[in-house]
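What follows is a set of notes on a single structure, which appears directly below.
The values are calculated or read from the model by the stated rules, or taken from the named source; none is laboratory data. Note that the structure is a prediction, hence the values are computed from the model and not measured. Please note: Cβ atoms are built from the backbone with ideal geometry, for glycine as well, and neighbour counts cover all protein chains shown.
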Amino acid sequence: MAITGTGSYIPQVLVPNKAFEDNHFLNSDGSVIPHPNTVIIEKFKAITGISERRYAKKEFNTSDLAFLAAQNAIEDANINAEDLDYIIFAHNFGDISFGVSHGNTLPSLATRVKNHLQIKNPKCVAYDILFGCPGWVEGVIQAYAFIKSGIAKKCLVIGAETLSRVVDPHDRDSMIYSDGAGACIVEEKKGAGEIMAHNSATYANEEAYFLFHGSSYHQEIPDDLKYIKMYGRKIYEFAISYVPGAIKECLDNSGVSIDDVKKIFIHQANEKMDEAIIKRFYKLYDKEMPEGIMPMNIRELGNSSVATVPTLYDMVRKGKIENQQLAKGDVVIFASVGAGMNINAIVYRY
């Protein structure tokens, strides 16, 4: 079982950090932050690593970005879209038209992509999954299960989001989020790659609401307008406490030595958090994190949720990130953490 093709769509609207210099940032209680925006932005960049991000054009929606990424993946895999058995679409907010405050998920976004691809085959089943930022990784795991069980031969897995349309402009965290789409073809093809192990978990006690839909920090904005909100410190502490062990469990189940891992494609959530996770992962084996093991594109693309891992993987596969490449037979790890709180990982031989 292999990932035989990948594709991504990077939105064209580039938004640098300086674009937020005129924002009216507030604390969660609505009080004024006692620092100029230049200082707020400087601290933000130091913590997250983000210098700029990409937003979708006004006329594009999440399903449009997904369609473009899917087309690229289908072409890369050199398959006929009519032969797809499943289209699995991971997102969190549906299609949110520019200037509209609510998501649209009827029909499902997977159905919309199937329609855009003009697939006539009714046996190509299209459905969405909501699994937070780890959605694309979980979609690949589901595709693997379908193929392993014999009920499918080819699956299209997509992760796409337009988070720029669900952010509170008065919340400093709004600078984290971005738009994008990544996709892959998963199929039974000997010698083309292999999923060696996978691992998933949901922590749904107090962790369930570390990410949530909440009101604006500006108290004059009506409460019925909801935005993506998070308890950043709690998420950081959760991630560095639980994700390293989850990745280790996955790797141990694969039978692969830590020394044979060539790349770790981790959800681009926060540069410092990602580095802390992978450093702790290596320390579980009494080792130091190797240089170059963790490709990053968060500095230029921001956090596009479910799109970060497939976009990153596609860019490295196609030589679009400096000093990062893959060779046949390389063992890589996909890993993510996000709303739920959900964690997952895949050990994959390229």
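The combined condition, being closer than 22 Å to ASN199 by Cβ, among the charged types (D, E, K, R) and either in the same structural domain as ALA145 (by TED's automatic domain parsing) or touching a residue at least 40 places away in the same chain (Cβ under 8 Å) (or both), is fulfilled by ASP330.
Would you be able to say whether some residue in segment 283-297 is part of a helix (DSSP H, G or I), at pLDDT 95 or above and not basic (Lys, Arg)? No, the conditions are met nowhere in segment 283-297. A count restricted to segment 203-240 and to residues that are of a type in the set (Gly, Ala, Ser) and either in the same structural domain as ILE47 (by TED's automatic domain parsing) or touching a residue at least 60 places away in the same chain (Cβ under 8 Å) (or both) stands at 3.
From the set of residues in segment 95-143 that are of a type in the set (Ser, Thr, Tyr) and part of a loop (DSSP other than H, G, I, E, B), which is modelled with the highest pLDDT? Within segment 95-143, the match that is modelled with the highest pLDDT is SER108. If you filter segment 218-243 down to residues that are hydrophobic (A, V, I, L, M, F, W, C) and outside any helix (DSSP H, G or I), you find that the one that is surrounded by the fewest Cβ atoms within 10 Å (Cβ to Cβ) is LEU225.
Each row is one residue, and each column tells you yes or no for (1) closer than 24 Å to PRO16 by Cβ; (2) crowded, with 17+ Cβ neighbours inside 10 Å; (3) assigned by TED's automatic domain parsing to the domain that holds SER164; (4) not aliphatic (A, V, I, L, M).
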| site | (1), (2), (3), (4) |
| --- | --- |
| GLY245 | no, no, no, yes |
| SER257 | no, no, no, yes |
| ASP260 | no, no, no, yes |
| GLU271 | yes, yes, no, yes |
| LYS283 | no, no, no, yes |
| ASP286 | no, no, no, yes |
| GLY292 | no, no, no, yes |
| ARG299 | yes, no, no, yes |
| SER304 | yes, yes, no, yes |
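Just checking, does segment 316-329 include any residue being closer than 28 Å to GLU206 by Cα, buried (at least 16 other Cβ atoms within 10 Å of the Cβ) and under 19 Å from the mean Cα position of the chain (by Cα)? Looking through segment 316-329, none of the residues is closer than 28 Å to GLU206 by Cα, buried (at least 16 other Cβ atoms within 10 Å of the Cβ) and under 19 Å from the mean Cα position of the chain (by Cα).
From SER108, SER101, SER97, which residue is without any contact (Cβ under 8 Å) to a residue 24 or more places away in the chain and either in contact with an Asp or Glu (Cβ under 6 Å, 6 or more places away or on another chain) or within 23 Å of PHE60 (Cβ to Cβ) (or both)? It is SER108.
From the list LYS279, LYS248, LYS262, the one residue that fits, being part of a helix (DSSP H, G or I), within 19 Å of TYR348 (Cβ to Cβ) and of a type outside the set (Phe, Trp, Tyr), is LYS248. Would you check which residues across segment 180-208 are surrounded by fewer than 17 Cβ atoms within 10 Å (Cβ to Cβ) and farther than 30 Å from ASP252 by Cα and list them? Passing the criteria: none in range. Within segment 56-114, the set of residues being under 25 Å from ILE151 (Cβ atoms) and charged (D, E, K, R) comprises ASP76, GLU82, ASP83, ASP85, ARG112, LYS114. Filtering segment 183-197 to residues that are closer than 24 Å to VAL113 by Cβ and either more than 20 Å from the chain's Cα centre (by Cα) or not β-branched (Val, Ile, Thr) (or both) leaves ALA183, CYS184, GLU187, GLU188, LYS189, ALA192, GLY193.
Close Cβ contacts (under 7 Å, 6 or more residues apart or on different chains) running from residues in segment 281-297 that are closer than 12 Å to ILE247 by Cβ to residues that are in a loop (DSSP other than H, G, I, E, B) comprise TYR282/GLU288; TYR282/MET289.
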